[in-house]
Amino acid sequence: MPSTATLKLEDKELHLPIITGTEGEKAVDIRNLRNETGYVCYDDGFGNTGSCESAVTFIDGEAGILRYRGYPIEQLAEHSSFIETAYLIINGELPTPAQRKRFSQLLTENAPIHSSTEHLYEGFPWDAHPMAILSAMLNSLGCYYPHLATNDHQRDLQNFEETAAIIISKVRTIAAYSYRASRGLPYNYPRRDLPYCENFLHMMFSTPFEPYIALPEVAQALNLFLLLHADHEQNCSTSTVRTVASSGANLFASTAAGVCALWGPLHGGANMAVLEMLKSIHAEGDDGTKFIQLAKSGKADRRLMGFGHRVYKHYDPRAKIIKESFYSALASLGIKNDPLLDIAMRLEAAALKDDYFLARKLYPNVDFYSGLIMRAIGIPENMFTVMFAIGRMPGWIANWKEVASNPKGRIYRPRQIYVGATKRDYVPPHQRR
């Protein structure tokens, strides 16, 4: 294979190095392009730009492959847990029994939030969006742990293990508290005897007179949901975390920025959009049959949400995994007469059998099932993206660490192609027309 690519610009010939990743991905190194030619590359949305080298996650969308630190997602889903996978993503290797025990202890110790932060919730309107609260509260953690939020990467890395555990543990407590506050309910303190997912569901749904005991199938479905969302390469929110980190910002501020990016409906709102689609179909008195026919004829007045994927050109590997857990959770909860579920199953059957969907590779993706799982568990729709953020936290943390650990790292500073007005002179107010 060639080691360089030749680019001819005007009367200049430039030899650009070829970079090859460990999985055979190839890139043209253009870091010296502007210095040597005055040109920049134009790539709207960065869809063809490799912004970094990363050892966290590998995706092959054409083949439907997703691996965390080299481990196939299918193996992790079958044998691992969200917490063990979080450790793997953050630290690069699966934990030894001693490391797993220590990590669990750190999560348990750091589950409560400072009592004074409870008053911060009172400052938000009762109907404030939980993503706004999550971002604000994550950022506020830097005030309570100033020694972990120095904005000096070398110093912050010295306490990285503690900081990562604090964020992984407290993000679920912050999320549960925002839910309770929005409903005027008393806060439930985390319990030391419950695993990660069961503890979160306890903080969400327990009442003083009736503790919430999660069914094993429900806890497993939530655990799998978080594991499958733990990282997904350089998506919008992860690249945002890296951009903020490149400025020297601490881990709390960087992950808070990731929450803000994820809040956007084009990124973190896909599973909510699935529910909105299903509710619209039901409101029209359709059981899904009419919508399928309209979609096939190109006359549907709304997008088919939860099918196909921008990255995966075949079946989303995460959807195959979460589907079984989804049906197991439904069975354990005894949910049978949900009209939205009936519509969803009719759409799923069409997507898996109908030639129209198969030819266009419109298979159900992970968002199709995850939204239905959240609904079945009792998570309100405005919390769906919060759940996504809890799951994605390990990936954000791992990517922050890569940026902070790079001694040659530079602040992210994309260029632009200016298309505004050319030079013009100021016009005094009385001469303007």
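The values are calculated or read from the model by the stated rules, or taken from the named source; none is laboratory data. Everything numeric in this text was worked out from a predicted model, so none of it was measured. Because the Cβ atoms are built from the backbone with ideal geometry, glycine has one as well, and the counts that use them run over all protein chains shown. Calculation scope for accessible area: heavy atoms of the full protein, side chains included, ligands and nucleic acids excluded. Shrake-Rupley method; radii C 1.70, N 1.55, O 1.52, S 1.80 Å.
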Taking only the alpha-carbon positions of the stretch 73-211 and ignoring solvent, what does the Debye formula give for the base-10 log of I(q)/I(0) at q = 0.21, 0.22 Å⁻¹?
-1.32, -1.37
Amide H of Arg69 versus every other amide H placed in the peptide plane: which residues, excluding those fewer than 5 positions away on the same chain, fall under 5 Å?
Thr57, Phe58
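Give, in nm to one decimal, the length gained when the segment between Asp286 and Glu62 is fully stretched (0.36 nm per residue of separation minus the Cα-Cα distance).
Length difference between fully extended and current span is 77.2 nm.
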Taking every C-alpha to C-alpha distance in the chain and binning by 20 Å from 0, the per-bin percentages run 23, 52, 23, 2, 0
Could you tell me which of Met203, Ser178, Leu215 has its Cα farthest along the dipole of the stretch 177-249 towards the positive end, charges placed at Cβ (Lys, Arg +1; Asp, Glu -1), taken about the Cα centre?
Ser178
In units of 2.2 N^0.38 Å, what is the alpha-carbon radius of gyration of the stretch 365-433?
2.19
In sequence order, calculated HN-Hα J values of the stretch 134-145 (Karplus, 6.51, -1.76, 1.60; Hz; x Gly/Pro)
4, 4, 5, 6, 4, 5, 5, 4, x, 6, 8, 10
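Could you work out the relative contact order of the stretch 174-326, using alpha carbon pairs under 8 angstrom and six or more residues apart, expressed as a whole percent?
Reported relative contact order: 16 percent.
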Normalised contact order of the chain, rounded percent, pairs of Cα under 8 Å and 6 or more residues apart
20 percent
Once label points are set 7 Å from the Cα along Cα→Cβ at both Asp43 and Tyr356, what is their separation, rounded to one decimal in nm?
3.7 nm
Counting only C-alpha contacts under 8 Å and six or more residues apart, can you give the relative contact order of the stretch 293-433 as a whole percent?
26 percent
Give, rounded to the nearest 20 debye, the magnitude of the charge dipole that the stretch 38-98 has about its Cα centre when Lys and Arg contribute +1 at Cβ and Asp and Glu contribute -1 at Cβ.
180 debye
The chain, helix-only ellipticity at 222 nm - DSSP H runs n ≥ 4, -39,500 (n - 2.57), divided by all residues, nearest 500
-16000 deg cm²/dmol
Just the number, please: carbon plus sulfur as a percent of the accessible area of the chain, 1.4 Å probe, no ligands or DNA/RNA counted.
52 percent
If each of Leu9 and Lys408 carries a label point 7 Å out from its Cα toward its Cβ, how far apart are those two points in nm?
2.1 nm
Once amide hydrogens are built 1.01 Å from N within the peptide plane, the residues lying 5 or more places from Ala5 or on another chain with amide H under 5 Å from its amide H are Leu16, Ile18
Over the stretch 230-271, average the accessible area per residue using a 1.4 Å probe and give it in Å², no decimals.
29 Å²
In the stretch 334-433, the GluC sites (Glu not before Pro) that fall in loop regions by DSSP, at most 10 other Cβ within 10 Å:
none
Within the stretch 184-288, DSSP-loop trypsin sites (Lys or Arg not before Pro) with at most 12 other C-beta atoms within 10 Å are Arg192
Furthest towards positive pole of dipole, Met387, Asn399, Val427, structure part the stretch 380-433, Cβ charges:
Val427
Sort out the exposed loop chymotrypsin sites (Phe, Trp or Tyr not before Pro) in the chain (DSSP loop, at most 16 other Cβ within 10 Å) and tell me the longest stretch that has none.
213-314
Size of charge dipole - the chain - debye, nearest 20, with Cβ of Lys, Arg +1 and Asp, Glu -1, no other charges
880 debye
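Give me Rg/Rg_expected for the stretch 157-200, where Rg uses Cα atoms only and Rg_expected = 2.2 N^0.38 Å with N residues.
It is 1.35.
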Full-extension gain between Lys279 and Ser140, please, as 0.36 nm times their residue separation minus the C-alpha to C-alpha distance.
46.4 nm
Just report the Cα centroid separation between the stretch 392-433 and the stretch 234-269, whole Å.
15 Å
Derived scalar couplings ³J(HN,Hα) [the stretch 99-116; Karplus, 6.51 cos²θ - 1.76 cosθ + 1.60; whole Hz; x for Gly, Pro]
5, 5, 5, 5, 4, 4, 5, 4, 5, 5, 5, 9, 5, x, 9, 4, 4, 5
Taking the dipole about the Cα centre of the chain, with the C-beta of Lys and Arg at +1 and of Asp and Glu at -1, give me whichever of Asn235, Gln293, Gly47 is farthest to the positive side.
Gly47
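Roughly how many debye, to the nearest 20, is the charge dipole of the stretch 303-358 about its Cα centre, given +1 on each Lys and Arg Cβ, -1 on each Asp and Glu Cβ, and no other charges?
The dipole magnitude comes to about 220 debye.
With N denoting the number of residues in the stretch 242-299, provide Rg(C-alpha) divided by 2.2 N^0.38 Å, to two decimal places.
For the stretch 242-299, the normalised Cα radius of gyration comes out at 1.84.
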Which ³J(HN,Hα) values, rounded to whole Hz and listed in residue order, are derived for the stretch 251-258 from phi using the Karplus coefficients 6.51, -1.76 and 1.60 in 6.51 cos²θ - 1.76 cosθ + 1.60 with θ = phi - 60°, glycine and proline given as x?
5, 4, 5, 5, 6, 4, 5, x
Using label points projected 7 Å from each Cα along Cα→Cβ, tell me how many nm separate Ser115 and Gln416, to one decimal.
5.0 nm
Stretch gain in nm, segment Asp338-Gln75, where the contour uses 0.36 nm per residue and the Cα spacing is subtracted
91.4 nm
Mind giving me the FRET efficiency for Asp425 and Ile18? R0 is 51 Å, r the Cβ-Cβ distance, nearest 0.05 is fine.
0.60
